[in-house]
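Trainee: Let me begin by handing over the structure; questions about it come next.
The values are calculated or read from the model by the stated rules, or taken from the named source; none is laboratory data. Values in this document were obtained by computation on a predicted structure and should not be read as measured data. Cβ atoms come from the backbone with ideal geometry, glycine included; neighbour counts cover every protein chain shown. Side chains included, ligands, DNA and RNA excluded: accessible areas come from the protein's heavy atoms. Shrake-Rupley method; radii C 1.70, N 1.55, O 1.52, S 1.80 Å.
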Amino acid sequence: MDRRRNDTDAAGDPRSPAVRRVPRPLRPAVRLARRLRASTVTRRAVLSLAVLAVSVAGILIGVLLGGRMETDIGPFRAEMAITPSTEGGTTVTIPPLGALQLDSHSGPAHLSVRLGSLDQRRTEALIDDPANLTRASRSAVTDVTNGVIRVGIRTIAVSVLTTLILAALVFRNTRRVAWSGGLALLITGGSLGIAALSIRPQSIEEPRYEGLLVNAPAIVGDARRIASDYGRYADQLQRMVGNVSQLYTTVSTLPIFEQAQGSVRVLHVSDMHLNPTAWQVVRTVVEQFKIDVVIDTGDMTDWGSEPEASFVGSINLLKVPYVFIRGNHDSAATAAAVARQPNAIVLNNSVTTVAGLTIAGIGDPRFTPDKETSPNGSGALPQTVSQVTGAGQQLAATIRTAGRPVDIALVHDPASAGALANLVPLVLAGHTHNREVRELPPVPGATTPPTQLHVQGSTGGAGLRGLEGEKPLPLAMSVLYFDQQRALQAYDDIQVGGTGEAQVNLERHVVNPAAPPTPATSGPPTTPTPTPTG
């Protein structure tokens, strides 16, 4: 009985025909053969699973290590990355605005594109030559396509190489290493091939935006129209910049003002809001008007993010001192980036002397990059009002303890200027995007002359937001002339026109003498000269 149970366990059912046909003395050999055959099948299955596991592990490691690269898309430095995904698709991240989700393709590969910092030289090249804008728009698709192909090839190569190295460490067998590498090539190449065959170009028409609600129209709804308007705007800018040079020749012959020897010329700019065209105009004015110092009353950027820090690089190209205070759209990182420029001075409740002028300034106490920059968007909550007026009071206290007379005080929001009345002769501000010149209400019983408040328009035409209307906001800036006694003699208000208008307007205002402002206009008079204020 025991023998029969052993035979059944070892060789199967002894009643089966196969067992009965084998003589009893040979049955041990049959049992051994069957065990060897079962062992070989199991071993091959285990090895196949091991090769598959090593290949998948190598692909995942390879994608993490090599599935990303940096490339140039127009003036942007962008990072492209491929990651495993069951749904496919593309994510375009535009810090700090948010991200666009595109249902661009199917398949197990997801493409991520992150737009980084603007390259200052390429951006200026686009602005300097209008033809470059056309070429850039045409080459953008080519840049993206080439970038995707390169990151795809890199992903395949690194994944296969990583798999081969991992397989060599695990198996130490050439044949199995080759199988692992071939399987990795098949999986990665097949995945990217499926994605390429399922591309849906029309997905760009139906993006899904993820980010702050206030930024959605600029990224999704108005992006195409803004880009179109910006192209026309830049086409006209070249003639405008040339007109600035002609304008200086005209202004120098005006009989109402004769600048004294040893006087100082200051260029007041404000609220550039990341408009790269502004730098070209500012540089032209600095050179043609022989500016001694540039004063910027804030909002150089829109969101104060790290990628925007490269925008400040043009400060060094001006080759004159650049005094800056932070606006409500500028972060501490923005101020630090400006301070790193060799010719820049950042004031934050402090006093400095530049070109013989003593200047005091304080940054805006708020950081509200997600709000509009108009007065209504600034917020009229009691806490906000207290912050803004408190900044002016802090600066007034600093000026009183400075131990020297201050010639110019700088604040971003004109609402901060009240505490400076009769304390300094001139206060410069920005924030409202509307040029205004007026006297501050005097302090009762004050014996010092009244304080002039000069609120600058937007030197950047309020950035891309300025292109959302029928006509973009003009680029506004002012040249201030100070005599040897550091008193303001005159100032020129300069406006560079908008889309379709090759016009530059300048209005000269002489301080004290009772003479009306004399406009000097270069280019076709497509719009009437604005009525002077102040």
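Trainee: Extension gain residue 145-residue 69, at 0.36 nm per residue separation less the Cα-Cα distance, in nm?
Mentor: Full-extension gain reported as 26.0 nm.
Trainee: Moving on to the next point. In what order, largest first, do 290, 319 sit by accessible area if the probe radius is 1.4 Å?
Mentor: Putting 290, 319 in descending order of accessible area: 319, 290.
Trainee: A further question on this structure: In nm, what is the difference between 0.36 nm times the number of residues separating residue 439 and residue 47 and their Cα-Cα distance?
Mentor: 132.4 nm
Trainee: Could you sort 482, 76, 367 by their accessible area in this structure, using a 1.4 Å probe and putting the largest first? Don't skip to the answer; put the middle values down first.
Mentor: Numbers: 482 5, 76 65, 367 100 Å².
Reading off the accessible areas and sorting them downward yields 367, 76, 482.
Trainee: So, in nm, how far is label residue 165 from label residue 355 when the simple model puts each one 7 Å beyond its Cα toward the Cβ?
Mentor: Simple spin-label model gives 5.7 nm for this pair.
Trainee: What FRET efficiency comes out for the pair residue 447/residue 394, r = Cβ-Cβ distance, R0 = 35 Å, nearest 0.05? Numbers along the way, then the final one.
Mentor: On the way: r = 24 Å, r/R0 = 0.69.
The pair residue 447/residue 394 has a calculated efficiency of 0.90.
Trainee: Same structure, new question: Which order do 87, 436, 507 take when ranked by solvent-accessible area (1.4 Å probe, heavy atoms of all protein chains), largest first?
Mentor: Heavy-atom accessible area, descending, gives 87, 436, 507.
Trainee: Now for a separate question. Ignoring ligands, DNA and RNA, what percent of the accessible area of the stretch 263-352 is carbon or sulfur (1.4 Å)?
Mentor: Here carbon and sulfur together make up 51 percent of the probe-accessible area.
Trainee: Taking 0.36 nm per residue of separation and subtracting the Cα-Cα distance, what length does fully extending residue 368 through residue 103 add?
Mentor: 92.1 nm
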